[in-house]
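Reviewing the structure listed below.
The values are calculated or read from the model by the stated rules, or taken from the named source; none is laboratory data. Values in this document were obtained by computation on a predicted structure and should not be read as measured data. FYI the Cβ positions are ideal-geometry reconstructions off the backbone, even for glycines, and counts take in every protein chain you see. Surface areas here come from the heavy atoms of the whole protein model, side chains and all, with no ligands, DNA or RNA. Shrake-Rupley method; radii C 1.70, N 1.55, O 1.52, S 1.80 Å.
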Amino acid sequence: MMLVVCIPLLLLGLTGYIKSGFDFGATFLHLDSTNPLIIAFFAGLSCIFFSLLIALWIRIAKISIHDGIIQGRNYWGFKNSFPLEESVSLSKFSNNGINAIVLKSKKSGKIYISDYTERLNELLALIDPFVAKNSESNK
């Protein structure tokens, strides 16, 4: 992330520096020689902060199954869990570029499973028998 932020800024500054005939004062009128270091430090610090926020967000999106109970997040990001025996249907969900699979329960709402979940095929293979059993019993 730091490279994505700092390389374009560095290239823009370098382009302006070359266009001004290698005159630092003309290129960066309001900067002295220490300000770019301070800017780079705070850009790096903000990248680290936002990377940690993204990592925390990814961590809370995990899906787990323990003792026949699946646990994940609902549409609003709140934790939801229910027994796999209550699983009724699986359906696709897509909104603003977020693609997921929705696991619906008989009584306990829904769990949204991201398409980018690690080992998604194994997870769906665990869930499918319960969904098939409950969809047959609803007919």
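Structural remarks
- Just one of the numbered conditions (1) more than 19 Å from E122 (Cα to Cα); (2) surrounded by 12 or more Cβ atoms within 10 Å (Cβ to Cβ); (3) at pLDDT below 90; (4) not charged (D, E, K, R) is not true of A61: (1).
- Condition met for I54 (closer than 22 Å to F130 by Cβ and not aromatic (F, W, Y)): no
- Some residue of region 51-68 being touching a helix residue (DSSP H, G or I) at 6+ places or on another chain (Cβ under 8 Å) and free of Cβ contacts under 8 Å to residues at least 60 places away in the same chain: yes
- Subset of region 19-32 [open to solvent by 90 Å² or more (accessible area, probe 1.4 Å) and not aromatic (F, W, Y)]: K19, L29, H30
- A Cβ distance below 9 Å, combined with a sequence gap of six or more or placement on separate chains, defines the contacts here; from region 114-130, residues that are touching a residue at least 24 places away in the same chain (Cβ under 8 Å) reach residues that are open to solvent by less than 50 Å² (accessible area, probe 1.4 Å) and of a type in the set (D, E) in the pairs F130/E86.
- With respect to being open to solvent by 40 Å² or more (accessible area, probe 1.4 Å), touching a strand residue (DSSP E or B) at 6+ places or on another chain (Cβ under 8 Å), at pLDDT 85 or above and not basic (K, R), D128 fits the description.
- Residues of region 64-86 satisfying the condition of being of a type in the set (S, T, Y) and surrounded by 14 or more Cβ atoms within 10 Å (Cβ to Cβ): Y75, S81
- Residue list for region 87-121, filter: open to solvent by less than 100 Å² (accessible area, probe 1.4 Å) and charged (D, E, K, R): K104, K110, D115
- Scan of region 33-58 for residues that are open to solvent by 80 Å² or more (accessible area, probe 1.4 Å) and either more than 30 Å from S108 (Cβ to Cβ) or polar (S, T, N, Q) (or both), ordered by number: S33, L37, I38, I39, F41, F42, L45, I48, F49, F50, L52
- Annotation note: Cβ proximity below 6 Å between a residue of region 86-99 that is farther than 26 Å from P129 by Cβ and a residue that is open to solvent by less than 90 Å² (accessible area, probe 1.4 Å) (sequence gap 6+ or interchain) occurs for no pair.
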